[in-house]
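One structure is given here, and the rest of the page talks about it.
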Amino acid sequence: MAALQMTCGPSPDVASTPVLETSRLILRAPCLDDAAEIAALANNRKIAEMTALIPHPYTLEDATGWLSSLPAESGHWNFAIAERESGKLVGACGYGKRHDLGPEIGYWVGEPFWGRGYATEAVRAVIDHLFSATSLDEIAAGCRVTNVASRRVLEKCGFQWTGVALFRVRALGASVPADQFKLERRTWASLRAWGKSSLPKVASARP
């Protein structure tokens, strides 16, 4: 399960990555110690073909390269998603501005963890943080038109469909149609009854 964008660009107001907690998950800054788990989960064509940036095959070197690049990308929010109880890595979530497309949120969850509602839980936590910690009026997201599970996640989080556009998928070496969505602050406020996520508890060491 994956939204089209795994990571995006600079966030508008906050440079550090907080730690977010939900009833079942911890969202924190990714680190090099996560490389093996990320590579094992992301090396899956079902995931790569639903994201813009993940190559396939996805190797340990790919994971290490991505993780090593994060500190240099000041202003990005990139989260590793982990289970609270087991500490196992579940996937990743990213947010930021991508070129001229405006702020976007994206995510992927490893196949062993599909069907548990983790993607919805993680995305809600990031949304709560974004609208609470910034002055954003809206957040955008996208998923391939064939990605029914990811579309359902976005709909459950309150995103509204805005149209279809072509996006380049690295693993396919081609452009594919993708549904586009947005979530306005006023819609989020009216849906805040989901109330499952706590706002940032701990700031990471990243500047």
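The values are calculated or read from the model by the stated rules, or taken from the named source; none is laboratory data. Remember, it's a predicted structure, so these values are computed and weren't measured experimentally. All Cβ positions, even for glycine, are placed from backbone atoms using ideal geometry, and neighbour counts span all protein chains on display.
Would it be correct to say that Arg151 is modelled with pLDDT under 95 and of a type outside the set (Asp, Glu)? Break it down stepwise before answering.
Values: modelled with pLDDT under 95: no; of a type outside the set (Asp, Glu): yes.
No; evaluated as a whole, the condition is false for this residue.
Within the range 21-45, which residues are polar (S, T, N, Q) and within 16 Å of the chain's Cα centre (by Cα)? I'd like the intermediate steps shown before the answer.
So in the range 21-45, the residues polar (S, T, N, Q) come out as 22-23, 43-44.
Hit for the range 21-45 is Thr22, nothing else.
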Going residue by residue through the range 160-171, is there one that turns out to be surrounded by 15 or more Cβ atoms within 10 Å (Cβ to Cβ) and within 15 Å of the chain's Cα centre (by Cα)? no
